[in-house]
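Notes follow the structure.
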Amino acid sequence: MKKIILSLVILLLFIPHASASTSTASSYILMDSVTGRVLQSKDKDSKRLIASITKIMTATLAIESGKVEDIVLVDESIKSAYGSGIYIEVGEEIKLKDLIYGLMLRSGNDAAVMIATFIAGSEDKFVAMMNAKAKELGMKNTTFYNASGLPTPHGNYSSVYDMALLTKYAMQNDLYREIVKTKEYKVKTNKKTYIWNNKNKLLRYDYITGGKTGYTEESGRTLVSSANIDNMELIVVTIRDSDDWNTHTELYQYAKDNYNSYKVLNKDKFKVIGDTFYNDDTFYIKKDVYLPLKKEESRALISHVVLEKKDSYKTDDKVGVDKIYLGSDLIYEEDIYIIKNNNIKKKNIFSKIKEWFK
């Protein structure tokens, strides 16, 4: 199988821009959620206690278990939890999905323990799953010891970069996105009716799409948030920040002031200039792609279209990838699909028949 490589190269000198001022955060990051590109940061790889933003991983594994509609029978394991909770009781029957809402909206430590026990059989086994997932996602400065983020017996450690990576991954799941943007949620079990309001105060801003709060005396305030600003998908993470609400809004304002949303790929059908192998066919991608770029960066993108020469293919097969570079850095890849033109031969036959009748 051969490859066709077609590229568009535009070069530009880069001009530095001023940084955001975030004096209260021990570490912070502003990340583009589409590409994972770091737009601003401070001590992004420093390993610190993370408290309840741990629960982003717990929720992710719970959703990926495929058991979200299963009924959980609450057992004695919840008695090991303390601090913030949703106050479920032994013997209560509640959907796993509802436990995830309680986990993320109210930071329920009891919900975290029950989720872990239900999915893995014990919290220790679930923690092994958490660390395996962290390794899979490239979270190099992360170690989990429990499903909640409580400081005993060991607190969980991560970095703002790792937690942004995790959030980027989690936000690709529709159910996760729905849960973390929910302001109020009502649940009825065999014993109680709950009404949970989200602790994430940033949701009062229309552009905020989700997040998770955290606090212990040992870790200080930790906060993860996500936003959509003029089609820019962004993530902010802060650790040990006494003024985290303002730090997050400040970093989003920095993004708005210094970046614009550019539509770099269009899901409309297209032809590839210079391609002769698929000459009669049409290509498409499955979504429009917007990236946050500074004005000078927008003129410095390099697009490499790489097509595979497939002798046998059908409509909707993947036949290549569009690789987007910023300078020498590969920042994004999008799969390319094909629409096979099956009418070419039919047209030729009908043309000949028409000629015969003439």
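We did not get these values from a lab; they are worked out from the coordinates using the rules stated. Just so you know, these numbers come straight off a predicted model, no measurement behind them. Cβ atoms come from the backbone with ideal geometry, glycine included; neighbour counts cover every protein chain shown.
Summary of values
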{"quantity": "Relative packing of peptides 230-239, 324-333 - highest average C-beta neighbours within 10 Å first", "calculated": "230-239, 324-333"}
{"quantity": "FRET E, pair Ser46, Gln172, Förster distance 25 Å, beta-carbon r, rounded to 0.05", "calculated": "0.45"}
{"quantity": "Helix runs (DSSP H) in the chain reaching 30 Å along axis by Cα, Kyte-Doolittle at least 1.6", "calculated": "none"}
{"quantity": "Positive-end residue, the range 25-242 charge dipole about Cα centroid, Cβ charges, pick of Ile239, Thr142, Ile56", "calculated": "Ile239"}
{"quantity": "Rel. contact order, % - alpha carbon contacts under 8 angstrom, at least six apart, the chain", "calculated": "21 percent"}
{"quantity": "Efficiency of FRET from Cβ geometry, Ser242 and Lys140, R₀ 30 Å, rounded to 0.05", "calculated": "0.65"}
{"quantity": "Charged-residue dipole, Cβ positions (Lys, Arg, Asp, Glu), the chain about Cα centre, Debye nearest 20", "calculated": "1320 debye"}
{"quantity": "Listed values (i) 1.08; (ii) 1.05; (iii) 1.00, entry calculated as Rg/Rh (Cα atoms, Kirkwood Rh)", "calculated": "(i)"}
{"quantity": "Proximal lysines to Lys314, defined as alpha-carbon separation beneath 25 angstrom and excluding residues fewer than eight positions away on the same chain", "calculated": "Lys2, Lys3, Lys267, Lys269, Lys271, Lys286, Lys287, Lys323, Lys340, Lys345, Lys346, Lys347"}
{"quantity": "Extension reserve of the Asn279-Asp70 stretch, reckoned as 0.36 nm per residue once the Cα distance is removed", "calculated": "70.2 nm"}
{"quantity": "32 Å Cα-Cα threshold exceeded, pairs from Lys125/Lys181; Lys125/Lys186; Lys140/Lys192", "calculated": "Lys140/Lys192"}
{"quantity": "Length added when fully stretched, Lys188-Gln253, from 0.36 nm per residue minus Cα-Cα", "calculated": "19.4 nm"}
{"quantity": "Peptides ranked, highest mean first, by Cβ atoms within 10 Å: ranges 277-283, 300-306", "calculated": "300-306, 277-283"}
